1. Applying 1/(1 + (r/R0)^6) with R0 = 35 Å to the Cβ-Cβ distance of GLU106 and ASP47, what FRET efficiency is obtained, to the nearest 0.05?
2. How big is the dipole moment of the stretch 17-68 about its Cα centre under a simple scheme where the beta carbon of each Lys and Arg is +1, that of each Asp and Glu is -1, and everything else is neutral? Debye, nearest 20, please.
3. What's the center-to-center distance, using Cα atoms, between the stretch 282-304 and the stretch 145-195 in Å?
4. Give me the Kirkwood hydrodynamic radius of the stretch 75-119, using the inverse of the mean 1/r over all pairs of distinct Cα atoms, in Å to one decimal.
5. What percent does the relative contact order of the stretch 95-245 come to when contacts are Cα pairs within less than 8 Å and at least six residues apart?
6. According to a simple spin-label model (label point 7 Å from Cα along Cα-to-Cβ), what is the distance in nm between GLU274 and ARG180?
7. Give me the percent relative contact order of the stretch 2-88, please, defined on Cα pairs under 8 angstrom at least 6 residues apart.
8. With charges only on Cβ, +1 for K and R and -1 for D and E, what is the dipole size of the stretch 95-245 about its Cα centre, in debye, rounded to 20?
Amino acid sequence: MRTATESEAADLLHLEVTGMGVHGMRKQLAEAVFRIPVERMRITVPDVGGGFGVKNFVYPEYVVLLWAARRLGKPVRWISERLEDFVTSIHGRDNVTAARLGLDAEGRFLALDVHTIANLGAYVSAGGPGSATNAPGMSMGGGYVIPAIHMEARGVFTNMPPLDAYRGAGKPEANYIIERLIDRAAAAIGIDPVELRRRNLVASFPYRTAMGLTIDCGRFAANLEDAIRAADRDGFAARREASRRSGRLRGLGVCCFIETSRGAPTEQARIAFEADGQVLLTVGTHSNGQGHETSYPQIAGDLLGLPLERFRYRQGDTALLPGGNPMDEFSREVKAPNSSRSPGDQSDSPRMTVRSRRIHARPKKAGRYIDILITSSGSAPARTRMTRSAIRFWRLCPCSSMSSRIVSAPLAVCPIRPPAAASPHPGQRRR
């Protein structure tokens with residue numbers, strides 16, 4: 001269901017849509033289509049269930065709805081039929097690829113050469129070209145040591161619906177290419193396909209691929225051995241013969257699939273302490289089946305020392321936060337909430353501890369102050385006291401990586417560097 005309204009008093013266009021990433025849609029609709037400031041475009045998303053990427057993008061119907069609402073000065077609602085939605089939504093992939101794999105006399109991989117013609121559809125979707133270029137490029141070569149990789153992709157327009165990031169976006173294609181080549185190479189040079197994989201799987205980490213992807217850790221060879229044992233490969237010949245005698249066919253395939261972590265490494269969230277003692281947790285990411293309405297308050301409650309029932313959770317509204325991202329393969333539960341923790345809680349890792357003793361004070365003072373202790377390796381703790389308004393907005397530190405800790409914007413303290421002795425932010429008092 002999609003609904004568009006216009007508020008003349010507020011000079012605002014409002015789109016309610018079953019989508020996934022409200023802030024990206026708002027930016028594209030406001031700046032590229034209607035040529036208005038983003039503050040004049042509001043997008044909200046209800047509880048939509050699953051998405052898998054197909055709901056990340058702007059569709060022509062969204063533009064028509066907003067245009068009609070502005071023209072008529074009244075709400076306009078449109079609901080597509082199931083068949084209509086099925087044939088007009090973006091599709092996942094349609095490639096024609098020719099690839100070559102070079103090996104030495106010992107069966108070691110030397111080079112991979114890939115040439116792809118990618119169907120973009122009748123018109124370009126927002127991320128369509130990236131789904132055939134950057135997306136498979138990051139996974140090209142899989143989990144194998146390949147010193148040289150060359151990839152060429154050409155997009156072509158057809159009479160089909162547009163293609164974009166849906167169900168994997170490039171990774172299934174890249175993994176299929178290398179795995180198919182390995183099977184063909186094993187048959188051509190007379191090496192067992194499992195053994196050929198054993199010889200070439202990445203074993204030393206971190207490993208930087210020829211395409212620039214850094215694989216930080218893994219147990220690729222051990223995973224392969226576990227799978228071989230679980231499948232009882234040694235007993236396959238007897239099972240196949242038994243199937244043949246009963247008139248059935250039986251086969252055994254081996255494949256290694258590398259699942260890369262990717263997506264926008266930024267998140268925004270806001271914590272506000274309300275007059276009734278409840279904590280309002282607002283997140284820019286929109287859940288589409290992951291259960292953020294449960295997991296995020298649980299993590300925030302553990303961080304603040306509060307029970308789950310003290311939290312109210314809000315998401316999916318561009319009016320609530322200035323930014324946010326859609327869900328992707330790299331779960332937001334890795335990027336945002338867990339990033340407030342130091343890996344393994346090692347003593348030499350920078351970390352932030354929030355102490356919420358005042359939260360449990362008398363009702364009229366509930367949530368008035370929160371004591372924050374920030375520590376970093378080799379430095380003395382920096383301690384400050386923050387009011388409710390000062391702690392309200394949180395964001396990821398811009399100088400850090402995907403695994404950065406969450407820091408408080410008013411404190412302006414980077415978790416990667418030792419905290420400097422700074423003057424208190426307005427509304428804060430030092431102990």
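1. Working: r = 56 Å, r/R0 = 1.59.
The value I calculate is 0.05.
2. On the way: 6 positive and 4 negative charges, 27 e Å.
Charge dipole, the stretch 17-68, about its Cα centre: 140 debye, nearest 20.
3. 36
4. Details: mean 1/r = 0.0673 Å⁻¹.
Evaluated on the stretch 75-119, it is 14.8 Å.
5. Values: 224 pairs, mean separation 34.5, N = 151.
That works out to 23 percent.
6. 5.4
7. Contact order relative to length: 38 percent.
8. Numbers: 18 positive and 16 negative charges, 61 e Å.
So the dipole magnitude of the stretch 95-245 works out to roughly 300 debye.
All of the numbers you see were taken from the coordinates with simple rules; none came from a lab. No experiment lies behind these values; they were computed from the predicted model shown. Cβ: placed from backbone, ideal geometry, glycine included. Neighbour counts: every protein chain shown.
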